[in-house]
Amino acid sequence: MNEHPLPYRPEELAFAILSHAHIDHSGRIPKLVKDGFRGSIYCTQATSDLAELMLEDSAGIQESDAEWENKHRQRRGQPLIEPLYDKEDVTDTIKLLRPQAYGQIIQITPHIRLRFRDAGHILGSAIVELWIEEGGKTSKLVFSGDLGMRDHLLIRDPEYVEDADYLLLESTYGNSVHDNYQNSLKQLMHVIEDITGKGGTVVIPSFAVGRTQELIYEMNKYYEYEHPGEKYPVPIYIDSPLAVRATRVFMKNTEIMDDEAQRLIRGGDNVFEFANLHYTKTVEESMRLNKDRTPKVIISASGMATAGRVRHHLKHTLWNPKNAVIFVGYQGEGTLGRIIQDGAKKVKILGEWVACKAKVYDMGGFSAHADQPSLLDWLGGFKKLPHKIFLVHGEDREMLPFARTINERFGIEAETPREGSAAILESGKAETLDFIPTELEEKKTLEEDFYAIQSLMSEWEDKEVALENLSPENLAALQNTLNKLRMGLMDLNLLTGR
């Protein structure tokens, strides 16, 4: 999907708005710039600071992924690909960032005003309020961004918004209720003490920006205030170069942290340092963690285990029943984290099959996304409800029931647009249209899909399938799928002249 052509001309855009730095929101902006965008990118100061780190890291991943893919393409005689963007594109992107303060209304065009409110998701995250004047009328469009949970520590609570004509509302957990935050904190420390007390290692896949700093903050309180003077506290390792740099950004922006964090900092506590906390600096230090058999906790990115050093740590710990893996955030469909979380017996990590024998814990109370009660509470804070709501940023199993709940609770139609949908907004009404791609866009998408299928087929070359473990029903379903695949490949050969 990342490689799909943009359905508009980037050079014609006047500006862009970035709600927060997480890569699922910021990650394609350098591609936008690479393809011709030269307008201003509005965000908060903390988002600007974090986005620079996130995008530099992402560019390195794009370049290395393209290099790896091209080695395989060369051997297969396929055309080489370019990275989605490179570090030079990121440099050009950073020059376009225009940081703004929370609560300040700014005129970004003669007919559009903008204000950021604190979304309480990660440092610098924002709710976007836009006032748009057209034909002598003003309409207000609000984008929730990613909303956080109330009463979490370190980050301030999401701000309420008074009114909107149209609302784009996130729905990541629109049909879920999170575990209690304080209970998850107690469970986390209990599991750490239990596993390490029995000689094991705990691996925590964690987002480098936001979740890691929250965990450090909570562990600082646990070891320095709740259990001071403990003789042999378990060593905690932060093994993520990006997380280390992001933590420095947090220290630079303490004025937008919550009241408790600011009080501790004013009292002289560096909330991101404590005696048994260690930040790894080199690859060699990271590798030594897997050779060291002493009990420890490793907090490492990425949060869904799709990339980064955490994959190496999982490879070395997941097979051992003495160890544990703790998930403290959302695991997207198809990610290594979700596969482990769903109870796989073995997984392929860095080219090798690894048995899943370690204990696996899912602590949903740490989620930085608002759950259904929190989303409904935030929506109930509107003094003037929107005419229409568009639900975004959610899987169908969360989004569709949430749309029904909104309609039942508030009497507002909530749409669940598909990829490529468009909407025409007029005062008091909205018409949603399906996006129709041009012939050029269809051809480019077809080429990308063709090569994506080839890559998927190449991944099957060394895939192990334990047929003896399949039930008769699954064996029959597999045979049916293989028959369809065989017929499909024959059709593909005929259509492509092979």
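The values are calculated or read from the model by the stated rules, or taken from the named source; none is laboratory data. Computed from a predicted structure; not experimentally measured. Ideal geometry is used to build each Cβ from the backbone, glycine not excepted, and the neighbour counts take in all protein chains shown. Accessible surface is based on the protein model in full, side chains and every heavy atom, while ligands, DNA and RNA are left aside. Shrake-Rupley method; radii C 1.70, N 1.55, O 1.52, S 1.80 Å.
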Taking segment 80-106 and keeping residues free of Cβ contacts under 8 Å to residues at least 60 places away in the same chain, crowded, with 19+ Cβ neighbours inside 10 Å and assigned to a loop (DSSP other than H, G, I, E, B) leaves P83, Y85
Restricted to segment 107-159 and to residues being without any contact (Cβ under 8 Å) to a residue 60 or more places away in the chain and within 20 Å of L50 (Cβ to Cβ), the residue most open to solvent (accessible area, probe 1.4 Å) is E159
Residue hits (segment 279-337; among the β-branched types (V, I, T) and either farther than 25 Å from D179 by Cβ or surrounded by fewer than 23 Cβ atoms within 10 Å (Cβ to Cβ) (or both)) are T280, T282, V283, T294, T306, T317, T335
The strands (runs of 3 or more DSSP E) lying entirely within segment 236-337 that contain at least 2 residues which are free of Cβ contacts under 8 Å to residues at least 12 places away in the same chain are none
Taking segment 373-399 and keeping only residues that are in a loop (DSSP other than H, G, I, E, B) and touching a Leu at 6+ places or on another chain (Cβ under 6 Å), one is left with P386
* Asked: Based on what the data block shows, is Q74 open to solvent by 10 Å² or more (accessible area, probe 1.4 Å) and either assigned to a loop (DSSP other than H, G, I, E, B) or farther than 25 Å from S125 by Cα (or both)?
  -> yes
Among Y225, Y232, Y217, the single one that is part of a helix (DSSP H, G or I) and open to solvent by 10 Å² or more (accessible area, probe 1.4 Å) is Y225
When every residue in segment 470-493 that is among the polar types (S, T, N, Q) and over 34 Å from the mean Cα position of the chain (by Cα) is compared, the one farthest from I453 (Cα to Cα) is S471
From the option list L185, L168, single residue qualifying as at pLDDT below 95 and either part of a helix (DSSP H, G or I) or open to solvent by 20 Å² or more (accessible area, probe 1.4 Å) (or both) is L185
Flagged pairs (Cβ under 9 angstrom, 6 or more apart or on separate chains; first in segment 1-24, within 16 Å of L123 (Cα to Cα); second open to solvent by 50 Å² or more (accessible area, probe 1.4 Å) and at pLDDT 90 or above) are S19/F143; A21/E52; I23/D57; D24/H393
Those residues of segment 345-372 that are touching a strand residue (DSSP E or B) at 6+ places or on another chain (Cβ under 8 Å), outside any loop (DSSP other than H, G, I, E, B) and of a type outside the set (S, T, N, Q) come to a total of 11
Picking from V161, V209, the residue that is modelled with pLDDT under 95, in a loop (DSSP other than H, G, I, E, B) and not charged (D, E, K, R) would be V209
Of the residues in segment 400-426, those that are surrounded by 12 or more Cβ atoms within 10 Å (Cβ to Cβ), in a loop (DSSP other than H, G, I, E, B) and modelled with pLDDT under 85 come to G420, S421
Residues of segment 107-149 being over 17 Å from the mean Cα position of the chain (by Cα) and either assigned to a loop (DSSP other than H, G, I, E, B) or at positive phi (or both), in sequence order, are P110, H111, G135, G136
Within segment 188-211, restricting to residues that are under 24 Å from the mean Cα position of the chain (by Cα) and of a type outside the set (V, I, T), the one that is most open to solvent (accessible area, probe 1.4 Å) is F207
Sole miss for M257 among (1) surrounded by fewer than 21 Cβ atoms within 10 Å (Cβ to Cβ); (2) more than 25 Å from K281 (Cβ to Cβ); (3) of a type outside the set (F, W, Y) is condition (1)
Within segment 25-68, residues over 23 Å from K252 (Cβ atoms), surrounded by fewer than 19 Cβ atoms within 10 Å (Cβ to Cβ) and free of Cβ contacts under 8 Å to residues at least 60 places away in the same chain come out as D35, G36, R38, G39, E63, S64, D65, A66, E67, W68
